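Heads up, the thing below is written out as structure tokens.
The values are calculated or read from the model by the stated rules, or taken from the named source; none is laboratory data. Note that the coordinates shown come from a computational prediction; the quantities given were computed from them, not determined experimentally. Backbone-built Cβ (ideal geometry, glycine too); neighbour counts: all protein chains shown.
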């Protein structure tokens, strides 16, 4: 629709595409583009077990508005976008256009002047482990993914966005400022970037029936719910491909070629293009065996090996649960076992995020104000992910990533055979999991080493700012620049607009900004670039703020993150605490689950801290796995009269002892 409208308006700006198409043409166009599936109302009445299990796409979670929170629907907006043309052009697309009397600075210049640090300047967090950082990425990949335009070639002249610095839809190259420390500033040098794909029926110069322009909206390819879509997939076809359909135990598929000390690994992706063939380039060994990328519910599974280790851990846990449920309920079929294990796993992530993770991030006040006691489900709450959350606020943890992924041995010391890996050498390297000691050393590194502290003078490590994906792209990327360029592509309002949204003060000058940031020097550097606090990119302004009490973000991001999770929880009909989702015994059993125990049950690690999110200390020491409570599955037994029969026919003695205290 966008392409056709653009071509039409080059001929006659007064013409609108919809004026020239008959209803039959529009129907056919919707079918060809795939948009018809997004406008056709789903039938929730005929969907099996709709009150018991989630659909893969989360269609029909809200029975009144079935697509609310479903995958492949637009992000929601909490504030209107600020497109240059009011409809689709990225904010700052016209480089001569002044916004609030100032031209927006180049994002790479902002990155160079504000975000730059060195590995030597990194300060480690004294309270939280690196698990907090990677769990944040893991959780983000459950909630948000913004697909690029389906083509990376210009719609008008065929230019390849990867190879050209020409600004032409969908190419939004990142220009290099003069004097850049890494890259020459020439018209033919830029960091390649592509626009996010527009949602069906948005971003073209026509008006909808309400008289409003069809402003461009971006797509969330994932569901808005805490449902472990990164494990199970957020589309029906993908979800099916991730299952072991030859088993009668409801298992997820695993690798058939390699094992990790006898334990399961993720299956390989069937895609022909192998972005993960990096072993030869990184090791300079031309004879090194390459392996395909791993397959998971989210395509970013191989972004780094610590993230891959969490994916592997949770797939193993699903299969462990499914096998135990089969022993407790031999009469359950494969579908029931799969769905019940998936349902338990969904409760895991909801508990881990709200009980264990968010208090470390948003701090005491926001937890008390928005994320305290569960208020119950409301079909009137929209759980959809906000554009500002996905594009800015939940990217705060980029500043908490260490330049090294630690790998520790059984004594929690540097692994002698497989030492720690520089972060820039850990991107798209599944072969490290297969050939370099599996996931155990990486998991020990996550809970056994601290997170990076996101300080105002040491923000983004070089692995992310100067060496991002250097072994899979012809030019290494800059994550800070990408974050700001993405927010301009989505045309998010600036820093002060979001401060106002959250009921916070809106600094008007350097002195007031210096007070908000508690740093007059940083305020001066920002205003030398932006001219006014109004124009500061929301991601940049958010990560520049000092932390709230008890948290690891400033007041703005604490508000935006807590608001989003408040809506996710209250707008989820299948939230684990909602009456009827689990029975009282099951909810009681789930209250004891910990990520520590999942690590114990699915690795050869024998000692863990009770709280893997906090650094190991006198108050959070390593303890034997036998001291960590296991999930009691007795409440999932639905065989009538089981206690009057030979219990050992259905469970081991250990399992029996697990549930005896609850009788």
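Worth pointing out:
- When segment 91-104 is filtered for residues that are touching a helix residue (DSSP H, G or I) at 6+ places or on another chain (Cβ under 7 Å) and surrounded by fewer than 22 Cβ atoms within 10 Å (Cβ to Cβ), the ones remaining, listed by number, are 99, 100, 102.
- Residue 533 satisfies every condition listed in (1) out of contact with any strand residue (DSSP E or B) (no Cβ under 9 Å at 6 or more places or on another chain); (2) surrounded by 23 or more Cβ atoms within 10 Å (Cβ to Cβ); (3) closer than 19 Å to residue 390 by Cβ except (3).
- Selection from segment 587-598 of residues that are outside any loop (DSSP other than H, G, I, E, B) and either within 25 Å of the chain's Cα centre (by Cα) or crowded, with 20+ Cβ neighbours inside 10 Å (or both): 589, 590, 595, 596, 597, 598
- Any hit, segment 44-51, residues being crowded, with 16+ Cβ neighbours inside 10 Å, at pLDDT 75 or above and closer than 30 Å to residue 99 by Cβ: no
- Yes/no for residue 182 being out of contact with any helix residue (DSSP H, G or I) (no Cβ under 8 Å at 6 or more places or on another chain), in contact (Cβ under 8 Å) with a residue 40 or more places away in the chain and assigned to a loop (DSSP other than H, G, I, E, B): yes
- Breaking point among (1) part of a helix (DSSP H, G or I); (2) surrounded by fewer than 24 Cβ atoms within 10 Å (Cβ to Cβ), for residue 547: (1)
- Subset of segment 250-282 (residues that are part of a strand (DSSP E or B), in contact with a strand residue (DSSP E or B) (Cβ under 8 Å, 6 or more places away or on another chain) and in contact (Cβ under 8 Å) with a residue 40 or more places away in the chain): 252
- The residues of segment 424-466 that are crowded, with 19+ Cβ neighbours inside 10 Å, under 21 Å from the mean Cα position of the chain (by Cα) and assigned to a loop (DSSP other than H, G, I, E, B), listed by number, are 426, 427, 428, 429, 439, 454, 459, 461.
- Members of segment 283-308 that are farther than 22 Å from residue 239 by Cβ and either in a loop (DSSP other than H, G, I, E, B) or in contact with a helix residue (DSSP H, G or I) (Cβ under 6 Å, 6 or more places away or on another chain) (or both): 284, 285, 286, 287, 288, 289, 290, 291, 304, 305, 306
- Checked against (1) more than 17 Å from residue 486 (Cβ to Cβ); (2) out of contact with any helix residue (DSSP H, G or I) (no Cβ under 7 Å at 6 or more places or on another chain); (3) in a loop (DSSP other than H, G, I, E, B), residue 57 passes all but condition (2).
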